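One structure is given below, encoded as structure tokens.
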Amino acid sequence: MGNVIVAQSGGPTTAINASLAGVVRGAIESQKYDKVYGALHGISGVFAENFMDMSDFDDEKLKLLYQTPSSYLGSCRYKMPQPEEDPATYEKLFEIFKKYDVAAFFYNGGNDSMDTIAKLAAYGKKVDSPIRFAGVPKTIDNDLVSIDHTPGFGSAAKYIASSMLEIAHDTAVYKVPCVTIVEIMGRDAGWLTASACLARNGYNPTPSLIYLPELPFHRHQFIEDLKKELEVRNDVVVAVSEGIRDENGIYISAKSAVADKFGHAQLSGAGKTLENLVKNELHIKCRSVELNILQRCAAHIASAQDLKESEELGRQAVRFTEEGNTGFMSSLRRTSDAPYTYEFEMGNLAEIANAIKEVPREWINEAGNDVTQEMVDYLKPLIQGEVPVAYKDGLPAYLPVDHLFNA
């Protein structure tokens with residue numbers, strides 16, 4: 001028997017709690033574990049022994065958790081040292097695991113979280129620990145390798161495409177020439193920004209232009225692209241990734257970029273930078289919109305397919321550990337676009353941790369200012385279906401997170 005610990009890490013998403021519900025439900029239904037502990041605020045909560053007993057979560061509570069956005073257990077951005085550099089940290093952690101009779105540890109997160117799982121599994125193997133370590137993927141950026149797409153991405157893509165369609169309706173009402181620049185998350189990979197293409201339909205060509213960080217961004221060419229679009233329409237809406245860089249690899253918002261403890265640039269300002277460029281060069285009305293964190297937890301417009309897969313990946317992680325596996329990430333592989341089908345498998349952490357999956361060059365048009373039909377075919381299945389949301393006093397009713405306020 002033994003117990004389970006599950007924790008969440010990194011940025012919140014609409015679907016991360018669906019994965020949590022999958023792990024909890026899977027562990028309870030397996031009847032191979034005594035208790036399911038949720039560590040508050042990621043791996044740092046394990047160090048602090050700050051646990052929530054989730055063993056008594058019934059079906060009704062798990063259903064509400066499934067559709068509640070953000071990280072129910074809280075999060076952290078804690079980088080584990082290399083075991084050989086700081087063995088005391090690992091010794092302390094494994095003493096805590098022993099104290100709570102832990103048989104399996106599940107970490108729900110992105111690239112850096114998979115790095116943590118890889119290190120814990122390697123140390124566990126070194127000290128001959130029976131504990132099984134599993135990663136459960138998430139990240140709206142969709143930049144994890146060894147998986148077709150990440151939980152949380154489909155819902156974020158649905159929100160972005162819906163917002164872009166609404167912006168198109170807003171900007172279409174005036175005859176005055178105007179450029180609207182929509183800045184979308186994506187530091188190193190342009191998957192989210194590419195999803196703006198899904199707003200296009202029979203009457204709406206918006207966004208007119210799409211720029212991803214996979215290709216160098218040329219200011220002069222950007223202005224020329226706008227001029228061509230303005231020749232055929234008054235309102236031009238542009239989707240840009242926050243991480244677009246110039247030909248020298250410098251973020252166009254470099255003046256406002258700082259780095260986090262993992263060395264990742266924290267970006268903001270690409271849209272505003274381009275807004276000022278357009279005003280100075282074209283002397284027309286221009287506004288910038290930064291979607292920012294609104295992309296992450298818009299559960300009122302979640303993708304049903306996204307949440308379904310997120311829960312399945314959590315439950316599948318439990319099944320894989322029950323089979324004796326450790327040091328992996330639960331993953332899925334697409335087997336068909338139409339009809340959309342997929343299979344579950346175990347992802348190799350050595351390939352996943354700290355790696356970035358970029359948009360393929362062939363999915364970006366030759367001019368570098370749009371995406372191809374291959375991207376549309378890839379994206380469409382991921383935003384399908386709506387999730388029924390309960391409302392109270394006119395607002396969505398989610399599972400309370402007051403346990404995090406003083407944790």
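Here is how the numbers come out for the structure above:
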item	result
Spin-label model distance (nm) - Ile96 vs Glu60, 7 Å beyond Cα toward Cβ	3.3
DSSP beta bridges in segment 153-295 [antiparallel fraction, %, rounded to 5]	15
Reach of Lys285 by Cα under 19 Å, taken over lysines that are not fewer than 8 positions away in the same chain	Lys175, Lys227, Lys228, Lys272
Among Val278, Leu73, Ile160 the positive-end extreme of the charge dipole of the chain (Cβ point charges)	Val278
Acute angle (nearest 10 degrees) that the helix 87-99 long axis makes with the longest principal axis of the chain, alpha-carbon atoms	60
For the chain, with +1 on Lys and Arg beta carbons and -1 on Asp and Glu, the positive-most of Ile16, Ala48, Asn234 along the dipole	Asn234
Whichever lysines have a C-alpha closer than 27 Å to that of Lys99, once near sequence neighbours (fewer than 8 apart) are set aside	Lys32, Lys35, Lys79, Lys119, Lys125, Lys126
The chain: C-alpha gyration tensor shape, a/c 1.5 cut-off, then a/b vs b/c	prolate
Stokes-Einstein diffusion coefficient of segment 100-186, Kirkwood radius over Cα pairs, 4 °C, 1.567 mPa s, in µm²/s	79
Cα gyration tensor, segment 186-235 - rounded (a/c under 1.5), prolate or oblate	oblate
Cα shape, segment 153-295, gyration tensor, a/c 1.5 rule	oblate
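Any read-out appearing in this document is the output of simple, stated calculations on the displayed coordinates, not a laboratory observation. For clarity, every value in this text was computed on a predicted model and none was experimentally measured. Note: ideal-geometry Cβ built from the backbone for every residue, glycine included; neighbour counts use all protein chains shown.
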